[in-house]
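Trainee: Quick one: the structure is below, and I'll ask about it shortly.
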Amino acid sequence: MEQKLQKLFKEASYQPESRLSGDVWSSIEYKSAQITKWKKFGYLCLSILSLFGSVFSIKSLIEQAMRLGFFNYFSLAFSDSGAIATYWKEYTLSLADSLPVVSLALSFFLLFILFISIRNTSYQFKNKLLAS
């Protein structure tokens, strides 16, 4: 009895009467293509915004560093090393006090977002080329 059932299942073939499997597959491919397009668009917009934000934040960082005298304190390290060896605690505190921390953190954050979005955009384009 079991051998007859096995023989019957082996000989049976599935013939779909409708194109349901093809329709489901094409719907899945269409949704996947739509998601990929939105991801590309989102990553491109994010990289453009973070690029412009990075330019302005770095400009602000340089202006604040000039205004606070960071470069003056920093150049002292190369001009008179004997004074820095003697007053190293005061020098490091003055250097840290003249550093624009908020602008520096914002610049690093925007550059990080820029590099992440560029990486993800390149992955999206690479996957599109490999799928084609």
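The values are calculated or read from the model by the stated rules, or taken from the named source; none is laboratory data. A quick note: this is a predicted structure, and the numbers were derived from the prediction, not measured. As a convention, Cβ positions derive from the backbone with ideal geometry for all residues, glycine included, and neighbour counts pool all protein chains shown.
Trainee: Taking segment 59-90, which residues are assigned to a helix (DSSP H, G or I), surrounded by 12 or more Cβ atoms within 10 Å (Cβ to Cβ) and among the small types (Gly, Ala, Ser)?
Mentor: Ser60, Ala65, Ala77, Ala83
Trainee: I'm trying to understand the selection: among the residues of segment 110-132, which are free of Cβ contacts under 8 Å to residues at least 40 places away in the same chain and of a type outside the set (S, T, N, Q)?
Mentor: If the condition is that a residue be free of Cβ contacts under 8 Å to residues at least 40 places away in the same chain and of a type outside the set (S, T, N, Q), then Phe112, Phe115, Ile116, Arg119, Tyr123, Lys126, Leu129, Leu130, Ala131 are the ones that fit.
Trainee: Let me ask you something else. Evaluate the following for Ser122: is it surrounded by fewer than 16 Cβ atoms within 10 Å (Cβ to Cβ), within 12 Å of the chain's Cα centre (by Cα), of a type outside the set (Phe, Trp, Tyr) and modelled with pLDDT under 95?
Mentor: So Ser122 passes the test.
Trainee: Do we find a residue being under 23 Å from Phe56 (Cα atoms) and aliphatic (A, V, I, L, M) anywhere in segment 71-93?
Mentor: no
Trainee: Hey, could you check segment 96-111 for residues that are outside any helix (DSSP H, G or I) and of a type outside the set (A, V, I, L, M, F, W, C) and say which is surrounded by the most Cβ atoms within 10 Å (Cβ to Cβ)? Break it down stepwise before answering.
Mentor: Of segment 96-111, the ones outside any helix (DSSP H, G or I) are 98-100.
Now narrow it down to the ones that are of a type outside the set (A, V, I, L, M, F, W, C): 98, 100.
Values: Ser98: 17, Pro100: 19.
Here the residue is Pro100.
Trainee: Now, a different point. Among the residues of segment 29-55, what is the count of those that are free of Cβ contacts under 8 Å to residues at least 40 places away in the same chain and surrounded by 13 or more Cβ atoms within 10 Å (Cβ to Cβ)? Spell out how you get there, then give the answer.
Mentor: Residues of segment 29-55 free of Cβ contacts under 8 Å to residues at least 40 places away in the same chain: 29-35, 37-38, 41-42, 45, 48-49, 52, 55.
Then keep just the ones that are surrounded by 13 or more Cβ atoms within 10 Å (Cβ to Cβ); that gives 42, 49.
Qualifying residue count, segment 29-55: 2.
Trainee: Now a separate question. With Leu76, Leu111, Leu95 as the choices, which residue is under 17 Å from the mean Cα position of the chain (by Cα) and not aromatic (Phe, Trp, Tyr)?
Mentor: Leu111
Trainee: Scan Leu93, Leu130, Leu114 and give me the residue that is of a type outside the set (Phe, Trp, Tyr) and surrounded by 16 or more Cβ atoms within 10 Å (Cβ to Cβ). Please lay out each step first, then the result.
Mentor: Working: Leu93 fails: surrounded by 16 or more Cβ atoms within 10 Å (Cβ to Cβ); Leu130 fails: surrounded by 16 or more Cβ atoms within 10 Å (Cβ to Cβ).
Checking each option against the conditions leaves just Leu114.
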